[in-house]
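Chemist: My questions all concern the structure below.
The values are calculated or read from the model by the stated rules, or taken from the named source; none is laboratory data. Just so it is clear, the model here is predicted, and its values are computed rather than measured. Counting neighbours? That spans all protein chains shown, and the Cβs are built from the backbone with ideal geometry, glycine included.
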Ligand SMILES: NC(=O)c1ccc[n+]([C@@H]2O[C@H](COP(=O)([O-])OP(=O)(O)OC[C@H]3O[C@@H](n4cnc5c(N)ncnc54)[C@H](OP(=O)(O)O)[C@@H]3O)[C@@H](O)[C@H]2O)c1
């Protein structure tokens with residue numbers, strides 16, 4: 001197999017490191033290129049044994065997949081590099097936020113199969129929650145699913161649902177970090193030192209994550225299991241509901257989704 005990455009930044013490196021560590025590809029099957037930061041990708045060559053190149057003919061020749069992992073605003077330059085070299089067999093995978101399948105096909109001047117994947121940065125610890133959507137001519141999806149599952153879980157959606165995925169899981173980690181951050185700040189107000197507040201919140205989050213993963217029961221059941229009648233948890237939850245946590249989260253997610261739609265329409 002040959003997989004060529006245009007872009008070797010945060011997201012691309014999380015993906016190819018996941019693929020290599022989980023042995024779904026060998027380092028020598030990966031080709032990396034970047035715009036100008038040669039040092040960074042030479043580091044990956046030295047550390048992981050992947051190939052690096054700047055010659056587009058060499059990068060695209062016989063490639064099974066080309067992964068578009070630059071920022072969306074750099075895509076026109078990337079398309080200029082790829083257009084004359086893309087072969088019929090090459091499937092195009094884009095991780096760029098907001099760039100539509102038909103824009104990708106138009107810019108590349110091809111009807112090659114395209115899949116859009118929206119991962120999140122938890123890919124760095126092989127726990128991405130990614131959305132994926134395909135062009136109608138994308139056959140043999142199982143191989144791609146196996147590659148993408150090497151760095152986390154995926155859910156297949158229609159292309160117009162990618163804005164929801166962008167909000168829910170692309171931006172979603174940041175929303176949860178923000179809640180943890182505010183939780184830690186509230187612990188300081190309660191009287192803990194900053195160091196204690198960070199330590200308590202961090203381990204609460206890790207423990208809750210493990211319970212979610214390992215208990216096999218729903219969030220609601222987990223919550224109910226620690227909420228006794230007239231107890232401290234019930235008192236706290238009533239205050240949380242009173243302050244409209246659900247309404248706040250719905251507003252947050254809609255703001256992110258609307259921004260994703262604006263970006264895909266080219267609005268700054
Ligand atoms: N980070 C996230 O949480 C996240 C989540 C979901 C999706 N995404 C998407 O992932 C994509 C990459 O994000 P990132 O955070 O990884 O960005 P990044 O760290 O800035 O990496 C961008 C990469 O693209 C390369 N590049 C730019 N122009 C190029 C060109 N003409 N030819 C080849 N390579 C080129 C850059 O090379 P140089 O270093 O040489 O400039 C760099 O390696 C974005 O489209 C973003 O929407 C990111």
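Results for (1) touching a residue at least 40 places away in the same chain (Cβ under 8 Å); (2) under 20 Å from residue 213 (Cα atoms), shown as yes or no for each residue.
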| site | (1), (2) |
| --- | --- |
| 123 | yes, yes |
| 133 | no, no |
| 147 | yes, no |
| 158 | no, no |
| 173 | yes, yes |
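Chemist: If residue 81 satisfies every condition in (1) part of a helix (DSSP H, G or I); (2) within 15 Å of the ligand (Cβ to nearest atom); (3) over 19 Å from the mean Cα position of the chain (by Cα); (4) free of Cβ contacts under 8 Å to residues at least 60 places away in the same chain but one, which is the exception?
Modeler: (4)
Chemist: Looking only at segment 244-251, decide whether some residue is touching a residue at least 12 places away in the same chain (Cβ under 8 Å), within 26 Å of residue 127 (Cα to Cα) and over 23 Å from the mean Cα position of the chain (by Cα).
Modeler: Checked segment 244-251: no residue is touching a residue at least 12 places away in the same chain (Cβ under 8 Å), within 26 Å of residue 127 (Cα to Cα) and over 23 Å from the mean Cα position of the chain (by Cα).
Chemist: Just give me the residues in segment 27-38 being part of a loop (DSSP other than H, G, I, E, B) and either under 24 Å from residue 111 (Cβ atoms) or more than 22 Å from the chain's Cα centre (by Cα) (or both), in sequence order.
Modeler: 36, 37 - these are the residues of segment 27-38 that are part of a loop (DSSP other than H, G, I, E, B) and either under 24 Å from residue 111 (Cβ atoms) or more than 22 Å from the chain's Cα centre (by Cα) (or both).
Chemist: Still on this structure, I have one more. In segment 39-69, what residues are assigned to a helix (DSSP H, G or I) and either under 28 Å from residue 101 (Cα atoms) or free of Cβ contacts under 8 Å to residues at least 12 places away in the same chain (or both)?
Modeler: Selection gives 39, 41, 42, 43, 46, 47, 56, 57, 58, 59, 60.
Chemist: Something else now. Hand me the list of helices (runs of 4 or more DSSP H) wholly inside segment 122-212 holding 1 or more residues that are loosely packed, with under 15 Cβ neighbours inside 10 Å and away from the ligand (no atom under 16 Å from the Cβ).
Modeler: 141-148, 172-190
Chemist: Of the residues that sit in segment 62-73 and are at pLDDT 95 or above and either in contact with a strand residue (DSSP E or B) (Cβ under 9 Å, 6 or more places away or on another chain) or within 24 Å of residue 119 (Cα to Cα) (or both), which one is nearest to the ligand (Cβ to nearest atom)?
Modeler: Step by step, filter segment 62-73, then rank; the result is 70.
Chemist: Here's something else I'd like to know. Could you check, for segment 97-114, whether at least one of its residues is free of Cβ contacts under 8 Å to residues at least 60 places away in the same chain, surrounded by 19 or more Cβ atoms within 10 Å (Cβ to Cβ) and either under 14 Å from the mean Cα position of the chain (by Cα) or near the ligand (Cβ under 9 Å from one of its atoms) (or both)?
Modeler: No - not one qualifying residue is present in segment 97-114.
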